[in-house]
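In what follows, a single structure is set out as structure tokens and then discussed.
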Amino acid sequence: MSATLERDSPCKVNLLLNILGKRPDGYHDLETVMHPVNYCDRLAFTRGGHGVQLTCNEPHLPVDSRNLVHRAATAFLRAAKISDGVGIHLEKRIPLAAGLGGGSGNAATTLLGLNEMFGQPLSEMQLHEIAATLGSDINFFLQTKPALATGRGEKITPLDAFPAMRGAAFFLIHPGFGISTAWAYQNLARFPAALNGRPGRAQELIALLQTAGLTAAGAKFYNSLEAPALEKYPLLFLFQEFLRANGAAATLMSGSGSTTFALAESASAGENLRETFRAKFGANNWTAVVPV
Ligand code: C5P
């Protein structure tokens with residue numbers, strides 16, 4: 001029996017997602033400040049069998065080539081010219097279609113995990129090349145730091161931990177419905193100002209996160225995709241209004257939604273915010289408090 005390699009697969013939030021315009025290839029140029037969130041799925045890799053055998057605890061997720069983990073494993077084996085099969089089990093905890101990058105993180109963790117299991121046949125650069133072919137958010141998850149991402153999101157500049165966020169905690173809320181990324185981008189066409197953002201906001205925010213306090217930096221959090229998402233789902237706007245009125249240092253929708261996140265000054269302030277939120281909106285929404 002071959003040994004199993006197990007790895008955590010974290011998620012992310014976008015502290016800023018500034019879309020700069022639509023490109024001839026249909027994607028959008030953007031600048032985004034991405035931050036890892038230590039709330040994780042779990043992946044287990046085993047060598048053997050034939051091809052890629054994926055299993056998952058979440059019955060709604062396909063386990064064939066529609067799943068990014070399956071696609072990442074297939075691309076890895078092909079690039080590394082490996083003819084062995086692999087078994088992969090995905091234990092899902094991160095909500096789906098949530099703007100938290102769960103699926104993208106799973107794909108990156110698969111590339112890193114398989115590369116480790118097979119004795120590092122591919123270089124870091126080769127892993128980045130494969131990641132970019134699988135999706136726009138996957139390169140970020142090949143490393144563990146906060147990062148500035150540009151291009152369509154695949155060009156990563158890692159950054160040191162932000163002093164403004166030291167000791168803080170994320171409070172995450174998923175409302176029970178997902179938002180399709182493709183839908184959010186398509187509907188941005190109706191909001192020209194959000195579609196053609198002013199470049200430079202990311203660097204301005206990064207400077208504040210490095211030198212100012214959390215509230216001053218949080219005032220500059222921005223997400224172009226809120227334009228279509230908050231119009232269609234006003235509940236997400238109400239969440240933010242409530243969180244601000246109840247002491248959140250900052251709040252924003254993450255990625256293409258539907259997750260709303262807030263920053264609290266500490267884990268205990270985050271737990272208090274969660275209690276206040278649940279008293280108002282009920283306990284049906286998925287929530288998590290995660291130290292930065
Ligand atoms: O790259 P990824 O597969 O994650 O993107 C999902 C969808 O989001 C794309 O098919 C595209 O419609 C949209 N997208 C975009 N511009 C980006 C990233 C994603 O238009 N920079």
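All of the numbers you see were taken from the coordinates with simple rules; none came from a lab. Values in this document were obtained by computation on a predicted structure and should not be read as measured data. Note that each Cβ is placed from the backbone with ideal geometry, even for glycine, and that neighbours are counted across all protein chains shown.
Take the chain, connect every pair of alpha-carbon atoms lying under 10 Å apart with a spring to form a Gaussian network, then pick out the residue of Pro121, Pro24, Pro192 with the largest mean-square fluctuation.
Its mean-square fluctuation being the largest, the pick is Pro24.
Find the relative contact order for region 63-215 and round it to a whole percent, using C-alpha pairs within less than 8 Å whose residues are 6+ positions apart.
Taking the mean separation of contacting Cα pairs over the length of region 63-215, I get 20 percent.
Between Ala193 and Leu96, what is the label-point separation in nm under the 7 Å Cα-to-beta-carbon projection?
About 3.7 nm separates the two model spin labels.
Of all DSSP beta bridges in the chain, what percent run antiparallel (nearest 5)?
85
Which entries of Lys12/Lys220; Lys12/Lys280; Lys220/Lys280; Lys232/Lys280; Lys81/Lys155; Lys155/Lys220 show an alpha-carbon separation above 24 angstrom in the structure shown?
Lys12/Lys280; Lys220/Lys280; Lys81/Lys155
Mind grabbing the base-10 log of I(q)/I(0) for region 158-292 at q = 0.14, 0.16, 0.18 Å⁻¹? Debye formula, identical points on the C-alpha positions, no solvent, two decimal places.
-0.66, -0.86, -1.06
Using 0.36 nm times the number of residues separating Phe281 and Ala219, minus their current alpha carbon distance, what extension gain do you get?
Details: separation 62, 0.36 × 62 = 22.32 nm, distance 2.42 nm.
Residue separation times 0.36 nm, minus the Cα-Cα distance, leaves 19.9 nm.
Excluding same-chain residues fewer than 8 positions from Lys145, which aspartates and glutamates have a Cα within less than 12 Å of its Cα?
Reachable aspartates and glutamates: Asp160.
Could you order the peptides 274-287, 107-120, 178-191 from most to least packed, using the average number of other C-beta atoms within 10 Å per residue? Kindly include the intermediate steps, with their values, before the conclusion.
Details: 274-287: 13.6, 107-120: 21.2, 178-191: 16.1.
Most protected by this proxy first, the peptides run 107-120, 178-191, 274-287.
Given a Förster distance of 30 angstrom, what is the FRET efficiency for Thr74 paired with Asp8, based on the Cβ-Cβ distance and rounded to 0.05? Numbers along the way, then the final one.
Working: r = 22 Å, r/R0 = 0.75.
Once the sixth-power term is evaluated, E becomes 0.85.
Rounded to the nearest 500, what is the chain's calculated 222 nm mean residue ellipticity when only DSSP H runs of at least 4 contribute -39500 (n - 2.57) each, over all residues?
-10000 deg cm²/dmol
Multiply the residue gap between Phe177 and Arg66 by 0.36 nm, knock off their C-alpha separation, and tell me the result in nm, one decimal place.
Fully extending the segment from Phe177 to Arg66 adds 37.9 nm.
Going toward the positive end of the dipole of the chain, with +1 on Lys and Arg Cβ and -1 on Asp and Glu Cβ, which of Ser104, Ile206, Leu235 do you reach last?
Comparing the listed Cα positions along the dipole, Leu235 ranks first.
Looking at the calculated P(r) for region 126-230, what percent of the C-alpha pair distances fall above 25 Å? Working shown, then result.
Details: 1792 of 5460 pairs.
Across region 126-230, Cα pairs with separations above 25 Å total 33 percent.
About its Cα centre, what dipole magnitude does region 186-292 give when the only charges are +1 on Lys and Arg Cβ and -1 on Asp and Glu Cβ, stated in debye to the nearest 20? Numbers along the way, then the final one.
Details: 9 positive and 7 negative charges, 45 e Å.
So the dipole magnitude of region 186-292 works out to roughly 220 debye.
What are the ³J(HN,Hα) values, in whole Hz, obtained from phi via the Karplus relation 6.51 cos²θ - 1.76 cosθ + 1.60 with θ = phi - 60°, for each residue of region 194-209 in sequence order, with x given for Gly and Pro?
Along region 194-209, the couplings run 6, 5, 10, x, 7, x, x, 4, 5, 5, 4, 5, 4, 4, 5, 5 Hz.
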